[in-house]
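**Q** I have a structure I would like to understand better, so I am pasting it below and will then ask my questions one at a time.
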């Protein structure tokens, strides 16, 4: 079953441009080379229509063909080397995440 990991991130004020650069130039290209990769998106919160999103201001959405292949990405040398380059731009609780199975798509 295809999966998506949704991670809400607390990006530190003033670090937005740099974390977006690291994601675009370094982190996502390395992930895209992994077996089972489906997609990755880095979303910046614009507004909330219901509920309070604070302190989470970005969402990282990672898609792989299976959870096992996503875990292989998380355990690989590239991820171990590159995630700290993303994480150093986070603050507070840093991140929280949820794993979803893709129940439908178009």
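**Q** Limited to the range 1-35, what total is found for residues that are under 19 Å from residue 98 (Cβ atoms), part of a loop (DSSP other than H, G, I, E, B) and in contact with a helix residue (DSSP H, G or I) (Cβ under 9 Å, 6 or more places away or on another chain)? Before the answer, list the steps.
**A** Start the filter on the range 1-35 by keeping residues that are under 19 Å from residue 98 (Cβ atoms), which leaves 1-11, 31.
Adding the requirement that they be part of a loop (DSSP other than H, G, I, E, B) leaves 1-2.
From what's left, in contact with a helix residue (DSSP H, G or I) (Cβ under 9 Å, 6 or more places away or on another chain): 1.
Summing the residues that are under 19 Å from residue 98 (Cβ atoms), part of a loop (DSSP other than H, G, I, E, B) and in contact with a helix residue (DSSP H, G or I) (Cβ under 9 Å, 6 or more places away or on another chain) in the range 1-35 gives 1.
**Q** State which residue pairs qualify: first residue within 15 Å of residue 98 (Cα to Cα) and inside the range 52-67, second residue part of a helix (DSSP H, G or I) and modelled with pLDDT of 95 or more in any location, beta carbons under 6 Å apart, and separation of 6 or more residues or different chains.
**A** 64/70
**Q** Next up: Give just the number: which of (1) in contact with a helix residue (DSSP H, G or I) (Cβ under 7 Å, 6 or more places away or on another chain); (2) part of a strand (DSSP E or B) does residue 92 not satisfy?
**A** Among (1) in contact with a helix residue (DSSP H, G or I) (Cβ under 7 Å, 6 or more places away or on another chain); (2) part of a strand (DSSP E or B), residue 92 violates only (1).
**Q** Suppose we keep only residues that are free of Cβ contacts under 8 Å to residues at least 60 places away in the same chain and buried (at least 17 other Cβ atoms within 10 Å of the Cβ) within the range 18-29. Which one would you say is farthest from residue 81 (Cα to Cα)?
**A** Step one: filter the range 18-29 for residues free of Cβ contacts under 8 Å to residues at least 60 places away in the same chain, giving 20-21, 24-29.
With the extra rule that they be buried (at least 17 other Cβ atoms within 10 Å of the Cβ), the set shrinks to 27-28.
Details: 27: 10, 28: 13 Å.
Checked the range 18-29; the qualifying residue farthest from residue 81 (Cα to Cα) is 28.
**Q** I've got another one for you. Give the range 61-89 a look and list any residue that's touching a helix residue (DSSP H, G or I) at 6+ places or on another chain (Cβ under 8 Å) and outside any helix (DSSP H, G or I), or say none.
**A** The answer is 62, 64, 89.
The values are calculated or read from the model by the stated rules, or taken from the named source; none is laboratory data. All values derive from a computational prediction rather than experimental measurement. Using ideal geometry, Cβ is built from the backbone for each residue, glycine included, and neighbour counts are taken over all protein chains shown.
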